[in-house]
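Each remark here refers to the structure printed beneath this line.
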Amino acid sequence: MLEGTDLSGKAELSKDGKSVNSQLDYSLKSLKVQNQDLGTGKLTLKIGNIDGQAWHQFSQQYRAQSQALLADKALMENPALYQQKAAEVFFSNLPVLLKGEPVVTLAPLSWKNSKGETNFNLSLFLKDPATATDEAQTLAQEVDRSVKSLESKLTIPMDIGDRVHDPDCEAGRL
């Protein structure tokens, strides 16, 4: 049973008015399974430095292409194909959003219970693939064209780490 969920979000323009920064916060007061309190959690997701003009261009292109998919009656009768085409529309337009070299941060993702608190932080710094001088031939080259850096940190209390390695520990009873 989930108790005390809270979700809030905000978006604001940067000081120069050229980019958008957004934040989404989620918290869970308690998660109980079979009357056992498994703990509390929280998550903060930040997406910063989205170029405002690129966002507008992405929105216009994505909306038009998505509406074209919805207008295709044959496509609407095949949900699997529609999902595939919708994903293609999204990913074909995604490079437009990378113009401002946005940063996606997941920090913290935390879980706290009687054994302690586990924290995970992740920062993904993206770059504009349009500035690359050569065409990507492999997935690794495509990632190199779009990802500036990726940083992460995981902190697990010893009590939880010991339970993870205990072969007698029941799944889900960390």
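Based on this model, can you work out whether residue 65 counts as within 18 Å of the chain's Cα centre (by Cα), of a type outside the set (Gly, Ala, Ser) and at negative phi? It is false that residue 65 is within 18 Å of the chain's Cα centre (by Cα), of a type outside the set (Gly, Ala, Ser) and at negative phi.
When 34, 57, 83 are screened for being modelled with pLDDT of 95 or more, of a type outside the set (Ser, Thr, Tyr) and exposed (fewer than 12 other Cβ atoms within 10 Å of the Cβ), only 83 passes.
Return the only residue of 11, 107 being under 25 Å from residue 151 (Cα atoms), loosely packed, with under 12 Cβ neighbours inside 10 Å and among the small types (Gly, Ala, Ser). Answer to the check: 11. When only residues in region 110-120 that are out of contact with any Phe, Trp or Tyr (no Cβ under 8 Å at 6 or more places or on another chain) and touching a residue at least 40 places away in the same chain (Cβ under 8 Å) count, which is surrounded by the fewest Cβ atoms within 10 Å (Cβ to Cβ)? Looking at residues that are out of contact with any Phe, Trp or Tyr (no Cβ under 8 Å at 6 or more places or on another chain) and touching a residue at least 40 places away in the same chain (Cβ under 8 Å), I get 114.
Has region 123-142 got any residue that is surrounded by 12 or more Cβ atoms within 10 Å (Cβ to Cβ), on the phi < 0 side of the Ramachandran plot, small (Gly, Ala, Ser) and at pLDDT 95 or above? Yes: one or more hits. Candidates are the residues of region 149-169 that are charged (D, E, K, R) and at pLDDT below 95; the one that is surrounded by the most Cβ atoms within 10 Å (Cβ to Cβ) is 163.
The values are calculated or read from the model by the stated rules, or taken from the named source; none is laboratory data. Remember, predicted model here, so these are calculated numbers, not experimental data. A quick note on method: Cβ atoms are made from the backbone with ideal geometry, for glycine too, and the neighbour counts reach across all protein chains shown.
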